[in-house]
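Reading through the structure tokens given below for one structure.
Every number in this text was worked out from the coordinates using simple rules, so none of it is lab data. Bear in mind the structure is a predicted one, so any value in this text is a computation, not a measurement. Note that each Cβ is placed from the backbone with ideal geometry, even for glycine, and that neighbours are counted across all protein chains shown.
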Amino acid sequence: MADLLNVHPIVLERWFALERAIRRAGYTVTVTSGFRSRAQQQKLYEARQRGEHPFPVARPGCSEHNHGVAVDAVTSVPERFLGGAARHFGLVWAGPTDRVHFGVFTQPQWRAVVHEEGLC
């Protein structure tokens, strides 16, 4: 089960609102990841480097998941609706190259945060 206990409460509130809307619309949604420790991120990063993981994976410490501000979920919602649906609930969908990722920052915003905070 995904660790949602360590996801920031505001992110959780937004995520659960989106999840409810997805289900009410008749689509499926399964959370696959929430908060990830650096060790978990390292394993996932290595799997991606070996070609065993289909989605982008940030280095440990550089991922929104390591800081509790993102949720990954598999959903049957058509891609053309995901971005707008996420925005409606205050989230950012990463797009078709990382279809499962929902966070609160755009990529440029997150890069600025990790740079400013010296996280990566």
Just how far, in whole angstrom, is region 1-21 from region 71-120 if you go by their alpha carbon centroids? 13
Sorted by Cβ density within 10 Å, fewest first, the residues PHE89, PHE81, PHE102: PHE81, PHE89, PHE102
Cβ-based charge dipole, region 9-117, positive-most Cα from CYS62, PRO78, ALA112: PRO78
In degrees between 0 and 90, to the nearest 10, how far off the longest principal axis of the chain does helix 38-49 point, with axes built from Cα atoms? 90
With charges set only on the Cβ (+1 for Lys and Arg, -1 for Asp and Glu), what does the dipole of the chain come to about its Cα centre, in debye to the nearest 20? 220
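Nearest 0.05, what FRET efficiency do HIS88 and ALA112 give at R0 = 25 Å with Cβ-Cβ as r?
On the way: r = 24 Å, r/R0 = 0.96.
Rounded to the nearest 0.05, the efficiency is 0.55.
Ranking TYR45, TYR27 by Cβ neighbours within 10 Å, fewest first, what do you get? Intermediate values should be presented prior to the final figure.
On the way: TYR45 18, TYR27 14.
Going from sparsest to densest Cβ surroundings: TYR27, TYR45.
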Stretch ASN6-ASP98 to full length: gain in nm at 0.36 nm per residue minus the Cα-Cα span? 31.0 nm
Output the relative contact order of the chain, whole-number percent, from Cα pairs under 8 angstrom with separation of 6+ residues. 26
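Kindly put ASP72, ASP98 in sequence by how many other C-beta atoms sit within 10 Å of each C-beta, fewest to most.
Numbers: ASP72 21, ASP98 16.
Going from least to most buried by this count: ASP98, ASP72.
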